[in-house]
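Participant: Let me begin by handing over the structure; questions about it come next.
Values in this text are rule-based calculations from the coordinates and carry no lab data. Since the model is a prediction, treat every value here as computed from it, not as a measurement. Neighbour counts run over all protein chains shown; Cβ positions are idealised from the backbone, glycine included.
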Amino acid sequence: HMPSSNKKWEQKQVQIKTLEGEFSVTMWASGDDK
Amino acid sequence: GNTKQNMIRSFDWGSYILGSHAEGSPVACFKHVPVSDCWENISIGMKVEVQNLDCDLTNTVYWIATVMKLAGYKALLRYEGFGSDGQKDFWINLCHKDVHPVGWCATSGKPLVPPKTIQHKYADWKDYLVKRLTGSRTLPIHFYSKVQEGISNHRFVKSTHVEVVNRMCVSSMRVATVEEVIGGRLRLKYDDAKEEGDEFWCHMRSALLHPVGWSLQVGHKLHAPQEYRSQCLSKTTMQKYDVMDATPDMFPQMKNPPEGYKFQVGMKLEAIDPLNLSAICVASVMKVLKNNYLMIGIDGSIAQNGSDWFCYHATSPCIFPVGFCEVNGLILTPPRETKGSFKWFDYLKQTRSVAAPVKLFDKEIPKHGFKPGMKLEAVDLMEPRLICVATVAKVVGRLLRIHFDGWESEYDQWVDCESPDLYPIGWCELMGYPVEGPRLKTEVP
């Protein structure tokens with residue numbers, strides 16, 4: 001769920017690469033770093 | 001190498017926190033430390049990529065871990081897949097260069113390998129990770145560069161000239177040169193030092209530190225050669241500073257006292273005793289300097305010639321109106337010669353003096369977030385080169401009583417909540433500076 005208290009949070013597609021292969025997941029990261 | 005050595009010497013905060021069931025003061029409480037402004041975005045449940053230490057491979061591999069507990073900069077991490085099993089949990093400083101946002105391994109070509117203890121727990125790790133990670137939080141991408149920016153972004157560099165309180169006689173200032181800067185803390189060598197080790201440590205935002213020319217400008221006593229004094233005049237009036245001089249713009253802007261009210265010589269108040277920081281004492285305004293600075297003396301002091309008078313700005317959070325201790329249930333240290341119980345009403349009458357108007361102490365109380373019992377790293381202001389394991393013992397508005405773990409309460413020190421001498425757990429480790437662990441009491445048979 002969207003962290004409600006802080007609008008600076010953004011959804012990000014994040015790449016994961018394990019021994020079984022590469023895939024992506026949707027996570028929340030602070031948008032501070034732009 | 002030096003940093004690594006200090007890391008080894010560093011105190012084991014992790015087991016101390018778990019053993020004492022204490023809470024660490026959140027990093028956001030300390031406005032003067034790196035990433036304080038974005039710490040609100042760091043939370044329990046957050047996922048990161050870290051080295052997988054539960055592994056027999058010779059090359060460095062990584063795995064995803066969850067923040068289980070936070071204590072200052074330090075986090076207790078649990079590798080993904082362990083569920084409620086904490087056997088391989090470990091503490092790490094979240095500002096360490098080997099803590100990464102999820103996704104870093106894929107973009108850096110680093111392998112993600114599950115820990116060997118749980119390697120066979122799931123047949124399909126991909127499916128498991130998608131479920132665990134989707135919708136969770138991770139670190140901002142540039143978190144580590146923000147940490148680095150916070151560590152090195154200081155205007156004070158080695159060889160900067162300053163004026164700083166004389167540690168041997170607190171009523172006077174001396175000229176000093178910055179020898180070293182560690183996380184905004186300055187190691188200062190007095191320019192007139194006659195012996196090795198005649199040094200002083202203070203933070204660059206400390207109220208004890210001032211620009212070149214400050215003492216003569218406000219009328220504060222200064223131990224300095226005539227040549228320095230003559231140069232100061234042209235420096236402050238013509239703004240002709242040397243390149244290595246600390247200038248007024250490098251210091252925090254002081255607030256103005258409430259309009260229409262002024263401190264006057266003889267007015268009584270309560271003040272933290274600069275030579276015994278665990279005591280709040282009956283005090284007097286001994287001198288009014290320029291730019292709203294005051295020389296405060298502790299009533300009943302036996303020091304000669306005002307050598308223990310101390311300079312406080314009129315808006316300092318370390319001076320209080322008459323009755324402050326009584327209102328807040330604190331012990332007020334009366335003048336030395338007091339017989340029986342001390343009563344302000346009788347004392348003012350007896351000394352024919354007046355209390356400084358309460359309006360002068362109209363200080364806002366910031367939402368600082370400190371609570372009693374919270375652990376932190378605090379400078380021992382009586383030996384300011386030392387940073388010690390400490391606990392917030394009491395909170396009175398914006399005033400904190402800092403207890404040094406393992407020491408008796410008579411060594412406690414009162415400090416303001418915005419003091420730059422307070423740091424979150426893990427600050428020393430981050431800066432490669434040793435932290436003094438709690439005093440271990442030796443049992444006498």
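Participant: Would you pull out the residues with amide H under 5 Å of A:T18's amide H, same chain only if 5 or more places away, H placed 1.01 Å from N?
Facilitator: Long-range HN contacts for A:T18: A:F23.
Participant: Straight-line reach from A:K8: which aspartates and glutamates fall under 19 Å, measuring Cα to Cα and dropping same-chain residues less than 8 apart?
Facilitator: A:D32, A:D33, B:D37, B:E40
Participant: What translational diffusion coefficient, to the nearest whole µm²/s, does the protein assembly as shown have by Stokes-Einstein, given a Kirkwood radius computed over alpha-carbon pairs, a temperature of 4 °C and 1.567 mPa s viscosity?
Facilitator: The diffusion coefficient I find is 51 µm²/s.
Participant: Each residue of segment B:138-148 in turn: what ³J(HN,Hα) in whole Hz from Karplus with 6.51, -1.76, 1.60 and θ = phi - 60°, glycine and Pro shown as x?
Facilitator: Calculated HN-Hα couplings, in order: 9, 5, x, 4, 9, 4, 5, 5, 5, 4, 4 Hz.
Participant: Between B:Q226 and B:H142, what length comes free when the chain is fully extended (0.36 nm per residue of separation minus the Cα-Cα distance, one decimal in nm)?
Facilitator: Separation in residues times 0.36 nm, less the Cα-Cα distance, equals 25.2 nm.
Participant: Bin all alpha-carbon pair distances of segment B:135-270 at 10 Å intervals from 0 and give each bin's fraction as a whole percent.
Facilitator: Going from the shortest bin to the longest, the percentages are 10, 34, 29, 16, 7, 3, 0.
Participant: Beyond 24 Å between alpha-carbons counts as too far, so tell me which of B:K287/B:K349; B:K88/B:K110; B:K69/B:K110; B:K189/B:K290 fall in that bin.
Facilitator: Working: B:K287/B:K349 21 Å; B:K88/B:K110 22 Å; B:K69/B:K110 26 Å; B:K189/B:K290 27 Å.
Violating the 24 Å Cα-Cα cut-off are B:K69/B:K110; B:K189/B:K290.
Participant: Considering the alpha-carbon set of chain B alone, what are its Rg and its Dmax in angstrom?
Facilitator: Reported Rg and Dmax, both Å: 25.5, 86.
Participant: Would you list, by chain and number, the aspartates and glutamates whose Cα falls below 15 Å from the Cα of B:K363, excluding same-chain residues fewer than 8 positions away?
Facilitator: Qualifying aspartates and glutamates at Cα under 15 Å: B:E259, B:E270, B:D416, B:E418.
Participant: Comparing B:H313, B:H21, B:H223, which has the greatest mean-square fluctuation in the GNM of chain B with Cα pairs linked when under 10 Å apart?
Facilitator: It is B:H21.
Participant: So for B:T338, B:T160, fewest C-beta neighbours within 10 Å to most, what's the order?
Facilitator: Ordered by Cβ neighbours within 10 Å, fewest first: B:T338, B:T160.
Participant: Exposure proxy check: B:M68, B:M173, B:M204, B:M238 ranked by fewest other beta carbons within 10 Å?
Facilitator: The order, fewest Cβ neighbours first, is B:M238, B:M68, B:M204, B:M173.
Participant: Running a GNM on chain B with Cα contacts under 10 Å, which residue among B:R167, B:R229, B:R352 ends up with the highest mean-square fluctuation?
Facilitator: B:R352
Participant: Further question on the same structure: For B:T333, what residues show an amide H to amide H distance below 5 Å, using hydrogens built from the backbone and excluding near sequence neighbours?
Facilitator: When sequence neighbours closer than 5 places are left aside, the close amide H contacts are B:I280, B:C281, B:V282.
Participant: Of all trypsin sites (Lys or Arg not before Pro) in segment B:30-79, which ones are in loop regions per DSSP and have a Cβ with at most 16 other Cβ atoms within 10 Å?
Facilitator: The qualifying sites are B:K31.
Participant: Could I ask something else about it? Could you name the lysines in cross-link range of B:K194, using Cα to Cα under 21 Å and dropping any fewer than eight places away on the same chain?
Facilitator: Within the straight-line cut-off, B:K194 pairs with B:K158, B:K221.
Participant: Sticking with this structure for a sec: Test of understanding: extend the Cα→C-beta vector of B:S43 to 7 Å, then name every residue of segment B:108-145 with backbone N under 14 Å from that spot.
Facilitator: Of the residues in segment B:108-145, B:135-140 have backbone N under 14 Å from the label point off B:S43.
Participant: Fewest first, what order do B:V395, B:V282 take by the number of other Cβ atoms within 10 Å?
Facilitator: Ranking B:V395, B:V282 by Cβ neighbours within 10 Å, fewest first, gives B:V395, B:V282.
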